[in-house]
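What follows is a set of notes on a single structure, which appears directly below.
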Amino acid sequence: MAILQSIKMALRSIKGNKLRSALTMLGIIIGVSSVIVLISIAQGSTSNVTSQINNLGTNLITLNTFGTELSLTEDKIDKLGKLDGVKALSPVVSGRVTVKKEKTSAQTTLTGTNSAYGTVRNTNVSQGRFLTDLDNEYRQKIAVLGATTAETFFGSDNPVGQYIQVNGTSFKVVGVLASKGSSMGQSGDDVVIVPLSTAERLTKTTSINQVYLQGKEKQDMNLVMAEVQNAMANMYPNKTDSYSIMNQQDLMNTMSSVSNTMTMMLGGIASISLLVGGIGIMNIMLVSVSERTKEIGIRKAIGAKRRDILLQFLIESVVLSAMGGIIGILLGLGVGKILGSTLQMTVTFSSSVVMFSFLFSLIVGVVFGVFPANKASKLNPIQALRYE
Amino acid sequence: MSTPLIQISSLMKSYKLGGETVHALNNVSLNIDKGEFLAIIGPSGSGKSTLMNMIGCLDRPDSGEYLLDGKAIGKMNDNDLATIRNQKIGFIFQNFNLLTKLTALENVELPLIYSGVSAKERREMALQSLTKVGLKDRSGHLPTQLSGGQQQRVAIARALVGNPSILLADEPTGALDSKTSAEILQLMQGLNELGHTIILITHDLSIAKQAKRMVRIQDGQLFENEGEQIGNFAIY
Ligand SMILES: Nc1ncnc2c1ncn2[C@@H]1O[C@H](COP(=O)(O)OP(=O)(O)OP(=O)(O)O)[C@@H](O)[C@H]1O
Ligand SMILES: [Mg+2]
């Protein structure tokens with residue numbers, strides 16, 4: 001018997017039992033659509049994290065110090081800047097400060113740094129200018145505001161040329177940063193950037209707790225890392241516990257392995273619901289086989305072979321699961337789109353996930369259809385004919 | 001005379017039920033020629049249906065031999081038997097056994113689907129068959145939209161459609177009133193005149209009498225009328 005004929009017959013009997021078929025498919029629909037939605041969200045967040053990390057700066061190495069045991073001084077930092085692979089570097093002094101303008105007052109992050117910070121951290125100004133070397137040299141009381149901070153104090157006015165009070169000292173605003181959005185839980189937009197020398201005076205510290213270094217070539221980053229590590233080990237022997245050197249690439253690898261795990265986990269959970277849907281199909285097919293025992297007897301009496309009956313029921317379950325799969329894919333894409341736009345999540349659809357979940361639903365149809373179909377095909381025709 | 005269409009010799013079939021053995025068929029021998037109209041008559045439980053299942057290749061005997069068209073059925077596997085049923089045997093059941101979700105035409109087409117006839121040809125043959133039983137204009141009806149007699153005609157059309165060697169009817173009028181029964185019997189007689197071999201199973205003597213030849217079955221044993229004490233077989 002031709003496959004096409006079997007598919008027609010399967011469609012007929014599915015149509016003949018619309019409600020039941022719909023309920024059976026529901027399991028597969030929910031399974032497939034949740035696979036698609038969850039994996040798309042997970043992949044969306046992966047790509048989000050990747051772009052955020054790139055936003056932090058290109059070829060970036062971050063040097064952090066902890067505690068008070070080790071203090072980075074400017075001369076030592078200059079040595080780091082002279083390393084072969086390092087293109088630019090910017091030391092950072094940071095602290096919490098109170099910023100005031102007339103009646104508005106807010107706590108924010110103060111970042112004291114140099115002129116290279118703009119390029120090292122991929123940070124551009126949207127208005128005015130960034131810090132210059134001269135500002136640093138003359139301990140200028142000037143500030144560059146993050147986009148959110150500028151908004152808080154000046155609304156839609158142009159802040160450039162106006163003044164704010166930082167911990168009681170008056171600062172002239174010279175620029176506003178372009179918005180970067182929040183990156184990995186930290187808002188890069190709520191910040192006041194001032195010259196390093198000014199910040200040291202303001203926060204009354206001379207210890208620099210963070211240095212950003214930019215490597216020259218992407219492919220040499222591991223080499224640059226080694227250089228920096230060596231230099232630090234030479235300058236501060238036996239103090240490796242007091243600082244950490246992080247390569248952006250490492251961060252990216254860590255993050256992507258985390259989100260891969262997340263993707264796998266979410267996909268796995270969703271796949272379980274697909275499996276449950278498959279059990280639903282098996283259940284219904286078993287009911288269908290016993291309900292149609294007489295039909296099977298009749299078909300066998302007029303010449304259906306075991307194979308014909310097996311194929312009929314198997315195709316029925318595969319058609320059910322394939323239809324469920326297609327509807328599930330459409331639903332999943334739809335729900336993903338809606339979630340993406342209403343919750344402002346990044347949702348990345350990939351055709352491989354769609355293909356995978358469709359294939360998986362087909363396999364579920366075959367695997368869970370085989371048992372009932374085999375049962376049907378093995379019925380004894382005489383007993384099946386007697387069945388009422 | 002050529003070899004008979006059906007040659008059955010010393011057929012045995014028994015069922016074990018709780019330690020007790022029921023000999024549903026006990027040493028049955030029977031030859032049926034092509035073109036015959038044979039009635040098998042017997043009381044309930046005598047083994048009629050069991051014999052029909054044998055002849056119809058739905059079941060295999062415990063022992064004995066059954067040759068259909070010269071081929072030994074006992075040695076065939078399930079697939080071969082399905083093919084034989086499909087091509088050589090047309091079943092007509094007491095309760096019609098139509099598929100309720102298919103139209104009359106689709107029901108009649110069914111045996112042809114399993115023998116791999118193309119859709120177009122199938123339709124034509126099924127329509128022809130329905131025409132033979134006088135139901136051409138009902139081809140699109142579902143079984144539930146047909147009377148009992150009409151349903152049995154559809155079943156007969158389905159049995160006929162593959163042009164099988166034998167039509168096997170087990171109590172074909174059992175669920176019909178006497179007028180409709182008569183019509184169905186007439187139809188079968190007409191088919192016999194067209195050359196179809198018909199085996200009719202019944203417990204009703206008046207129906208059996210309308211066949212050309214009659215055998216009686218009792219407790220699994222078969223008796224041919226000649227020389228036996230089959231009572232009012234005078235008509236034969
Ligand atoms: N599958 C079975 N298992 C056990 N016993 C069976 C089975 N099929 C038939 N029998 C027994 O075999 C005997 C013959 O049964 P069969 O169905 O052939 O009778 P029948 O002549 O067709 O009766 P009826 O006119 O009531 O249809 C009966 O005694 C029955 O109980
Ligand atoms: Mg019977």
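For the stretch A:380-388, the criterion of being farther than 25 Å from residue A:5 by Cα, basic (Lys, Arg) and within 16 Å of ligand 1 (Cβ to nearest atom) is met by at least one residue.
If you check residue A:106 against the conditions, is it open to solvent by 20 Å² or more (accessible area, probe 1.4 Å) and not assigned by TED's automatic domain parsing to the domain that holds residue A:356? Taking the combined requirement at face value, the residue satisfies it. Restricting attention to the stretch A:38-61, the residues being surrounded by fewer than 18 Cβ atoms within 10 Å (Cβ to Cβ) and more than 11 Å from the chain's Cα centre (by Cα) number 3.
Listed here are the residues, each with its yes/no results for (1) within 16 Å of ligand 2 (Cβ to nearest atom); (2) over 30 Å from residue A:291 (Cβ atoms); (3) within 14 Å of chain B (Cβ to nearest Cβ).
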| residue | (1), (2), (3) |
| --- | --- |
| A:337 | no, yes, no |
| A:343 | no, yes, no |
| A:358 | no, no, no |
| A:377 | no, no, yes |
| A:381 | yes, no, yes |
| A:384 | yes, no, yes |
| A:388 | yes, no, yes |
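Among the residues making up the stretch B:20-68, those that are more than 28 Å from residue A:304 (Cβ to Cβ), in a loop (DSSP other than H, G, I, E, B), open to solvent by 10 Å² or more (accessible area, probe 1.4 Å) and within 13 Å of ligand 1 (Cβ to nearest atom) are B:43, B:44, B:45. Of all residues being buried (at least 20 other Cβ atoms within 10 Å of the Cβ) and among the hydrophobic types (A, V, I, L, M, F, W, C) in the stretch B:159-175, which is farthest from ligand 1 (Cβ to nearest atom)? Just the residue, please. Per the criteria, the residue is B:161.
Yes/no per residue for (1) in contact (Cβ under 8 Å) with a residue 24 or more places away in the chain; (2) at the interface with chain A (Cβ under 9 Å from one of its Cβ atoms):
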site	(1), (2)
B:45	no, no
B:55	yes, no
B:62	yes, no
B:100	yes, yes
B:113	no, yes
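For the stretch B:6-17: of the residues being within 10 Å of ligand 1 (Cβ to nearest atom) and more than 25 Å from residue B:198 (Cβ to Cβ), which is modelled with the lowest pLDDT? Among them, the one singled out is B:17.
Listed conditions (1) within 16 Å of ligand 2 (Cβ to nearest atom); (2) within 14 Å of chain A (Cβ to nearest Cβ); (3) part of a strand (DSSP E or B) are all met by residue B:95, apart from (3).
Just so you know, in the stretch A:350-388 the residues that are in contact (Cβ under 8 Å) with a residue 60 or more places away in the chain and not in a helix (DSSP H, G or I) include one that is most open to solvent (accessible area, probe 1.4 Å), and it is A:388.
From the set of residues in the stretch B:188-211 that are part of a loop (DSSP other than H, G, I, E, B) and farther than 21 Å from residue B:133 by Cβ, which is nearest to ligand 2 (Cβ to nearest atom)? Looking at residues that are part of a loop (DSSP other than H, G, I, E, B) and farther than 21 Å from residue B:133 by Cβ, I get B:203. Taking the condition among the β-branched types (Val, Ile, Thr), over 26 Å from residue A:168 (Cβ atoms) and not in a strand (DSSP E or B), does residue A:77 pass? For residue A:77, the condition - among the β-branched types (Val, Ile, Thr), over 26 Å from residue A:168 (Cβ atoms) and not in a strand (DSSP E or B) - is met.
For residue A:278, the requirement of being within 26 Å of residue A:325 (Cα to Cα), small (Gly, Ala, Ser) and free of Cβ contacts under 8 Å to residues at least 40 places away in the same chain is not met. At pLDDT below 90 and out of contact with any Cys (no Cβ under 6 Å at 6 or more places or on another chain): which single residue out of B:148, B:174, B:162, B:190 fits that description? None of the other options fit; the residue is B:174.
One line per residue, one yes/no per condition, for (1) over 17 Å from the mean Cα position of the chain (by Cα); (2) open to solvent by less than 50 Å² (accessible area, probe 1.4 Å):
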{"position": "B:84", "(1), (2)": "no, yes"}
{"position": "B:102", "(1), (2)": "yes, yes"}
{"position": "B:106", "(1), (2)": "yes, yes"}
{"position": "B:109", "(1), (2)": "yes, yes"}
{"position": "B:124", "(1), (2)": "yes, no"}
{"position": "B:130", "(1), (2)": "yes, yes"}
{"position": "B:148", "(1), (2)": "yes, yes"}
{"position": "B:155", "(1), (2)": "no, yes"}
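Sub-8 Å Cβ pairs linking a first residue in the stretch B:71-88 that is more than 7 Å from every other protein chain (Cβ to nearest Cβ) to a second residue that is in a strand (DSSP E or B) and open to solvent by less than 30 Å² (accessible area, probe 1.4 Å), at least 6 apart or interchain, are B:72/B:66; B:73/B:66; B:74/B:66; B:84/B:68; B:88/B:68; B:88/B:166, ordered by first then second residue.
The values are calculated or read from the model by the stated rules, or taken from the named source; none is laboratory data. Here the structure is a predicted model, which is why all the values come from computation and not from measurement. Every residue, glycine as well, gets a Cβ built from its backbone with ideal geometry; the counts of neighbours run over all protein chains shown. Remember, those area values only see protein heavy atoms, side chains included, never the ligands or the DNA or RNA. Shrake-Rupley method; radii C 1.70, N 1.55, O 1.52, S 1.80 Å.
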